[in-house]
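Participant: Quick one: the structure is below, and I'll ask about it shortly.
The values are calculated or read from the model by the stated rules, or taken from the named source; none is laboratory data. Keep in mind that this is a model prediction, so the values were computed, not measured. For the accessible areas, the whole protein counts, side chains as well, though only heavy atoms, and no ligand, DNA or RNA atoms are used. Shrake-Rupley method; radii C 1.70, N 1.55, O 1.52, S 1.80 Å.
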Amino acid sequence: MIRDATVNDIPEIRAMIRELAAYERAAEQAVATEEQLRAALFGEHPAAFASIAEDDDTGEAMGYALWFPRFSTWTGTRGMHLEDLYIRPQARGAGHGKALLAALAATCRRNGYDRFEWWVLDWNTPAVEFYTSLGAELLDEWKVCRLSGAPLAELAARAPAVGVASAGA
């Protein structure tokens with residue numbers, strides 16, 4: 001069963017985020033708190049949305065998907081960015097991942113989103129094979145760029161004092 005996450009799912013979502021980070025060899029980077037997740041998912045202006053895959057018999061959370069809307073200047077339309085898709089090891093191969101992706105694809109269609117995009121680590125062969133089996137196109141010519149920590153602070157310090165647009169503008 002796939003359902004929208006509720007505020008009561010926050011501890012379980014946080015636990016699965018940490019499990020995903022450990023699988024991706026970056027456990028120390030998963031520092032989001034329950035309070036941050038609660039505000040991001042259920043605050044006045046949600047930054048993201050989550051769905052839960054549950055075991056039909058026990059109701060136990062077997063995985064989750066977390067996504068947010070994005071915008072394409074080329075198409076002039078919104079799309080969906082899948083930030084996380086995680087299925088617990090004991091539940092892999094049972095259809096939970098495909099069910100979550102199908103539910104998100106249906107959300108895209110319902111909302112008029114014409115793109116559904118996500119990243120996958122190049123060494124994660126099972127995930128790459130799973131995604132391509134569903135028809136996902138791997139965009140090898142694109143590279144992810146990231147500024148964080150000191151480089152982000154250093155670039156921000158170079159911003160002009162006048163005429164800088166805020167994120168909410």
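Participant: Along each principal axis of its Cα atoms, how long is the stretch 13-62 end to end? Whole angstroms, biggest number first, please.
Facilitator: Computed over the stretch 13-62, the largest-to-smallest principal extents equal 33, 30, 14 Å.
Participant: Averaging sequence separations of C-alpha pairs under 8 Å and six or more residues apart, then dividing by the length of the chain, give the relative contact order as a whole percent. Working shown, then result.
Facilitator: Numbers: 177 pairs, mean separation 26.0, N = 169.
The value is 15 percent.
Participant: Please report, as a whole percent, how much of the solvent-accessible surface of the stretch 28-169 comes from carbon and sulfur atoms (probe radius 1.4 Å).
Facilitator: Details: 5350 of 9760 Å².
Answer for the stretch 28-169 is 55 percent, counting heavy atoms of protein chains only.
Participant: Right, something else. Size of the stretch 80-131 along its principal axes in angstrom, Cα-based, largest extent first?
Facilitator: On the principal axes, the stretch 80-131 reaches 33, 23, 16 Å in Cα extent.
Participant: Using amide H atoms built 1.01 Å from N in the peptide plane, name the residues 5+ places from E83, or on other chains, whose amide H lies under 5 Å from its own.
Facilitator: Sorted by chain and number, the residues that satisfy this are L66, W67, F68.
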